[in-house]
Amino acid sequence: MTVCVRSNAPMKTISVCFVCLGNICRSPTAEGVMRHQVEAARLSDRILIDSAGTGDWHVGASPDRRAQQAAGERGYDLSALRGRQIGPEDFERFDLVIAMDDANVAALKAICPPAQRDRIRLLMEFAPATDIREVADPYFGGDAGFERVLDQCEAACRGLIAALRPQLIT
């Protein structure tokens, strides 16, 4: 899978922002998983990672305790992350803005400058061994939903790193 990022000279760094509705469940989980995998791949200085929500309900809030607990059991620490709302300026800051579902893609397209809409992608596009299109929101469900989110984020982030590696060659 080819990922198009800024068309300047060969990229030395790539910035990625994961986006869900409130930035307390799915997108911070994706951020935590990606940070862990990027560190393990020794690419922390090459791939910059953040997360945000399309809504403003949880600005400044810690990730959902269930997300933190499920992530912690797999070795991911989400405790330092805080919710924030994405804004039009983020499309300048980030090479890729990766949404968890189609509703968030639509919300992102509504605020994204038209010339930068190609930066918006779905996370599950990077999970090649599945036909699942969206990361389901676990907020109103039980603990199993948070485990599913982790499974999906782990698979998709591995695929995302593989897709980004060629872009990092200088």
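The values are calculated or read from the model by the stated rules, or taken from the named source; none is laboratory data. Values in this document were obtained by computation on a predicted structure and should not be read as measured data. Glycine also receives a Cβ, built like all others from the backbone with ideal geometry; neighbour counts cover every protein chain displayed. Surface accessibility is based on the protein's heavy atoms, side chains included, excluding ligands, DNA and RNA. Shrake-Rupley method; radii C 1.70, N 1.55, O 1.52, S 1.80 Å.
Numbers at a glance
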item	result
Glu92 vs. criteria open to solvent by 50 Å² or more (accessible area, probe 1.4 Å) and outside any loop (DSSP other than H, G, I, E, B)	yes
Complete set of residues in segment 134-158 that are part of a loop (DSSP other than H, G, I, E, B) and either among the aromatic types (Phe, Trp, Tyr) or modelled with pLDDT of 95 or more (or both)	Glu134, Val135, Asp137, Pro138, Tyr139, Phe140
Any chance Asp77 is under 17 Å from Thr29 (Cα atoms), open to solvent by 20 Å² or more (accessible area, probe 1.4 Å) and within 16 Å of the chain's Cα centre (by Cα)	yes
Within segment 108-134, tally of residues that are free of Cβ contacts under 8 Å to residues at least 24 places away in the same chain and small (Gly, Ala, Ser)	2
From the options Gly60, Gly22, Gly87, residue that is loosely packed, with under 14 Cβ neighbours inside 10 Å, out of contact with any helix residue (DSSP H, G or I) (no Cβ under 9 Å at 6 or more places or on another chain) and either modelled with pLDDT of 95 or more or of a type in the set (D, E, K, R) (or both)	Gly60
Search result, residues across segment 64-89 that are outside any helix (DSSP H, G or I) and of a type in the set (Gly, Ala, Ser)	Gly75, Ser79, Ala80, Gly83, Gly87
Restricting segment 25-57 to residues that are among the acidic types (Asp, Glu), under 24 Å from Gln167 (Cβ atoms) and in contact (Cβ under 8 Å) with a residue 24 or more places away in the chain, the residue that is surrounded by the most Cβ atoms within 10 Å (Cβ to Cβ)	Glu31
Residues (of a type in the set (Asp, Glu) and under 14 Å from the mean Cα position of the chain (by Cα)) located in segment 85-101	Asp90, Asp95, Asp101
Selected residue (criterion: farthest from Asp102 (Cα to Cα)) from residues of segment 125-170 that are surrounded by fewer than 18 Cβ atoms within 10 Å (Cβ to Cβ) and acidic (Asp, Glu)	Asp143
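This table checks each residue for (1) assigned to a helix (DSSP H, G or I); (2) at pLDDT below 95; (3) out of contact with any helix residue (DSSP H, G or I) (no Cβ under 8 Å at 6 or more places or on another chain).
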{"residue": "Met1", "(1), (2), (3)": "no, yes, no"}
{"residue": "Ala9", "(1), (2), (3)": "no, yes, yes"}
{"residue": "Ser15", "(1), (2), (3)": "no, no, no"}
{"residue": "Phe18", "(1), (2), (3)": "no, no, no"}
{"residue": "Ser27", "(1), (2), (3)": "yes, no, yes"}
{"residue": "Met34", "(1), (2), (3)": "yes, no, no"}
{"residue": "Val38", "(1), (2), (3)": "yes, no, no"}
{"residue": "Ser51", "(1), (2), (3)": "no, no, no"}
